[in-house]
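S.K.: I'd like to ask some things about the structure below.
Each value in this text was obtained by applying a stated rule to the coordinates, not by laboratory testing. As the structure is a computational prediction, the values presented were derived from the model and not from experiment. Positions of Cβ are generated from backbone atoms using ideal geometry, with glycine treated the same way; all protein chains shown enter the neighbour counts.
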Amino acid sequence: MEKQGSPVISCEDVHKFYLAGDRSVYALKSINLEVREREFVSIVGKSGCGKSTLLACIAGLLPVSHGEIRVAGDKVTKPGRRDFGLVFQTSALLRWRTTLDNVLLPVEMFGMSKKEYEPRARDLLKLVELEGFENRYPNQLSGGMQQRAAIARALIHDPKVLLMDEPFGALDAQTRESMNLELMKIWEITPKTVLFVTHDLQEAAFLSHRVVVMSARPGTIQEIVEIPIPHPRTREVLYSDAFLQTTRRLRELLSAQADAKKE
Amino acid sequence: MTTQRLAPAQLGGNDADLFARFYAQEMEQERVKRVRRRVIYAVGRALILGAFIFAWWFTAKFYPPLLVASPAEAWDGFMDGRSEIWKHAPTTVVEIALGFAVGSVLGIGLGALIAQSRLAEVVLRPYIIVSQAVPKIALAPILIIFLGFGVGPKVAIAALICFFPLLENTITGLRRVDPDSYKLFQSLGASKMQVFLKLRLYSALPLIFGGLRIAAVLATLGAIVAEFVAGNAGLGALLVISLGTFQTKLMYAVMVVLTLMAYTVYIITQWVEHKALERTNMLVTHE
């Protein structure tokens, strides 16, 4: 496994408790996690285990109840960090903007010159294989294409960190697999620090250096699994013994949770 | 259109040729279907109009002409009273336009304020409902005292009647944004103003225009009713005058003109809506 640099994201004894209507949720309990520079880390767990909440806390979209999240040394208190790029389960593309204008949205929000960034936006669209779709509207793109445009948008301001919240969760299995291959290709070209939330164990094992397995109610880190497969990762990886063993191990960890619940 | 069965040998040629041929074939079929659909729509509309005019004509036969005018008599009333109608029409048109404009600014403006601030909503909401609960027609004499006998009170009543649905639609539209898009804006550190101008306003466009269409019709209604109660000029006033002087034919003619006027205002608004939504790619077609 390659060596990564210094820690970029660090969570120290993070707890998250919130009230939602008449419900109170202990979403995260004592989360300790470090993500190093250029490391690809996935968070897996069943729905309701707090994995998306953790990502939202790191992004500054939700305040933590206790503990501290630091990014590149500064404490996270609010959203809007320019060294972050976010991708959600839906593409969140604006229907009234062309693909190119959607990709340029962060530049516009940061008050930077759209003109200056336009060549970069076109290059990124080429990178995600959307060349020729610059002037199409989101509703004219397929689900996979929309998600690729969302990735280009997340990369436009060259952030250090990519936070991805089940970005391929709404896609069919074939598209998801090709998106994974493509994401790996992009990551090889522009290696970012990536935190990737998913409930697909194969996806997590294929993409990541490390996989964080979470258990629910309250959301805690059950185990962090290292993936002993060297990068670059190609389709061949999917058939390797190391990959099969890793996914098996992840599956066992999750089913152990279910058994523990029953008892 | 005849569809001919092709022998297998005829289906030779490369994909591009076949594509072009099938494309042309499909386009032609689509065109034929479209024309047929339009004819059916037009016939349907004409049938209903015919049935209505027939029912009107048939009913009128049973009443004295002093009380009910037939379609033909209404036409006579229109031809005889043309100059009178043209004299009064501009006043009404001005009242509708101003009432609609004031009501729209009020509806969208207050809607934006309320959608942005919970405090504004809680404080203003009861008074907005009161403004709708108050019998607006009974307000006319009071408004005359403040605004005089001119177009003022009519504009006020038209605006008061038409702003409410627009307000409600604006609030709903501005508040209902795609949650992930909102999260994206937050993650980019967007200000409230940026969220409003670059996200909420666009998302709300379809509902705002829906509200504008309703407001257009209500503004017309408001202006006419206000003239009815407190007017000496305008088509609503002419309606009252013709009623009082037993000019039944003229009254029917004015009624038809007013109906067409409200219809036209709606169609114009719909056209503007179509253009605006088309430009912003917010048009959702059903066909």
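S.K.: Can you compute the charge dipole magnitude of the protein assembly as shown about its Cα centre, using +1 on each Lys and Arg Cβ and -1 on each Asp and Glu Cβ, nothing else charged? Give it in debye, rounded to the nearest 20. Walk me through the intermediate numbers first.
M.R.: Numbers: 62 positive and 52 negative charges, 146 e Å.
Result for the protein assembly as shown is approximately 700 debye, rounded to the nearest 20.
S.K.: Report the gain in length on full extension from A:His231 to A:Arg122: 0.36 nm times residue separation, minus Cα-Cα distance, nm rounded to one decimal.
M.R.: Values: separation 109, 0.36 × 109 = 39.24 nm, distance 2.71 nm.
Once the chain is fully extended between A:His231 and A:Arg122, it gains 36.5 nm.
S.K.: Then there's this: Can you compute the charge dipole magnitude of chain B about its Cα centre, using +1 on each Lys and Arg Cβ and -1 on each Asp and Glu Cβ, nothing else charged? Give it in debye, rounded to the nearest 20. Show your work: numbers first, answer last.
M.R.: Values: 26 positive and 18 negative charges, 82 e Å.
For chain B, the charge dipole is close to 400 debye.
S.K.: For chain B, which DSSP H helices look membrane-span-like by this rule: Cα extent along the axis of 18 Å or more and mean Kyte-Doolittle of at least 0.5?
M.R.: On the way: long enough: B:15-60 (67 Å, 0.13); B:71-116 (55 Å, 0.58); B:118-133 (22 Å, 0.82); B:152-175 (34 Å, 1.07); B:201-230 (40 Å, 1.78); B:248-279 (47 Å, 0.71).
Those that clear 18 Å and a mean of 0.5 are B:71-116, B:118-133, B:152-175, B:201-230, B:248-279.
S.K.: Is the shape of the stretch B:59-114 rounded, prolate or oblate, going by the alpha carbon gyration tensor and its root eigenvalues a ≥ b ≥ c, with a/c under 1.5 for rounded and a/b larger than b/c for prolate?
M.R.: On the way: a/c = 6.12, a/b = 2.39, b/c = 2.56.
Cα axes put the stretch B:59-114 in the oblate bin.
S.K.: Further, regarding this structure: Enumerate the lysines that B:Lys136 could reach by cross-link, defined here as Cα to Cα under 23 Å, with residues fewer than 8 away along the same chain left out.
M.R.: Cross-link targets: B:Lys154.
S.K.: Just name one of B:Met261, B:Leu66, B:Gly103: the one whose Cα is farthest towards the positive end of the charge dipole of chain B (beta-carbon charges, Lys/Arg +1, Asp/Glu -1).
M.R.: So the residue furthest toward the plus end is B:Gly103.
S.K.: So, one more: In whole Å, what three semi-axes, largest first, describe the equivalent ellipsoid of chain B built from its Cα gyration tensor (square root of 5 times each eigenvalue)? Kindly include the intermediate steps, with their values, before the conclusion.
M.R.: Working: eigenvalues 390, 269, 33 Å².
Listed largest to smallest, the semi-axes of chain B are 44, 37, 13 Å.
S.K.: What order do you get for B:Cys162, A:Cys11 when you list them from fewest to most C-beta neighbours inside 10 Å?
M.R.: On the way: B:Cys162 31, A:Cys11 22.
Fewest-to-most ranking of B:Cys162, A:Cys11: A:Cys11, B:Cys162.
S.K.: Order by neighbour count: A:Arg233, B:Arg38, fewest other Cβ atoms within 10 Å first, most last.
M.R.: Details: A:Arg233 23, B:Arg38 10.
If I rank by nearby Cβ atoms, fewest first, I get B:Arg38, A:Arg233.
S.K.: What's the center-to-center distance, using Cα atoms, between the stretch B:99-155 and the stretch A:14-29 in Å?
M.R.: 43 Å
S.K.: Under 14 Å from the Cβ of A:Leu28, count the other residues' Cβ atoms, weight Lys and Arg +1, Asp and Glu -1, and hand me the total.
M.R.: On the way: positive: A:Lys16, A:Lys29, A:Lys51, A:Arg217; negative: A:Glu12, A:Asp13, A:Glu68.
Here the count lands on +1.
S.K.: Along the positive direction of the dipole of the stretch B:145-225 (beta-carbon charges: Lys, Arg +1; Asp, Glu -1; about the Cα centre), which of B:Ala158, B:Ile224, B:Gly211 reaches farthest?
M.R.: Result: B:Gly211.
S.K.: A 22 angstrom limit on the alpha carbon distance is what I want to check against. Which of A:Lys126/B:Lys275; A:Lys16/A:Lys75; A:Lys29/A:Lys51; A:Lys51/A:Lys185 exceed it? Walk me through the intermediate numbers first.
M.R.: Details: A:Lys126/B:Lys275 32 Å; A:Lys16/A:Lys75 16 Å; A:Lys29/A:Lys51 12 Å; A:Lys51/A:Lys185 25 Å.
Check vs 22 Å cut-off fails for A:Lys126/B:Lys275; A:Lys51/A:Lys185.
S.K.: Once the other residues with Cβ under 11 Å from the Cβ of A:His66 are scored (Lys, Arg +1; Asp, Glu -1), what is the net sum? Present the calculation step by step, with values, prior to reporting the outcome.
M.R.: On the way: positive: A:Lys16, A:Lys29; negative: A:Glu12, A:Asp13, A:Glu68.
After counting each charged neighbour, the total is -1.
S.K.: Work out the FRET efficiency for A:Arg70 and B:Val123 from their Cβ-Cβ distance, taking R0 = 45 Å, and round it to the nearest 0.05. Write out the running numbers ahead of the final one.
M.R.: Working: r = 41 Å, r/R0 = 0.92.
It comes out at approximately 0.60.
S.K.: In units of 2.2 N^0.38 Å, what is the alpha-carbon radius of gyration of the stretch A:112-263? Please report the intermediate quantities before stating the final value.
M.R.: Working: Rg = 17.5 Å, N = 152, 2.2 N^0.38 = 14.8 Å.
Working it through for the stretch A:112-263, the quotient is 1.18.
S.K.: Restricting the calculation to Cα positions, tell me the Rg (one decimal) and the Dmax (whole number) of the protein assembly as shown in Å.
M.R.: 32.6, 100
S.K.: Separate question: I'd like the antiparallel share, as a percent to the nearest 5, of DSSP beta bridges with both residues in the protein assembly as shown.
M.R.: Numbers: 23 of 41 bridges.
Once the DSSP bridges in the protein assembly as shown are tallied, antiparallel ones form about 55 percent.
S.K.: Here's something else I'd like to know. For every helix of n ≥ 4 consecutive DSSP H residues, a contribution of -39,500 (n - 2.57) applies; sum these over the protein assembly as shown, divide by its total residues, and give [θ] at 222 nm rounded to the nearest 500 deg cm²/dmol.
M.R.: Values: 18 runs with 320 residues, N = 550.
For the protein assembly as shown, the value works out to -19500 deg cm²/dmol.
S.K.: In bins 10 Å wide, starting from 0, what share of all Cα pairs of chain A does each bin hold, as a percent?
M.R.: Per 10 Å bin, starting at 0, the Cα pair percentages come out as 7, 29, 35, 22, 6, 0, 0.
S.K.: Please identify which residues in the stretch B:269-283 have an amide N closer than 12 Å to a label point set 7 Å out from the Cα of B:Arg37, following the Cα→Cβ vector.
M.R.: Output list for this probe position: empty.
S.K.: Follow-up. Could you check the spin-label model distance between B:Ala101 and A:Glu223? Points 7 Å from the Cα along Cα→Cβ, value in nm.
M.R.: 7.3 nm
S.K.: In addition: Please report the net charge: other residues with Cβ closer than 12 Å to the Cβ of A:Ile151, K and R +1, D and E -1.
M.R.: On the way: positive: A:Arg148, A:Arg153, A:Lys185, A:Lys192; negative: A:Glu129, A:Glu182.
Neighbour charge sum, excluding A:Ile151 itself: +2.
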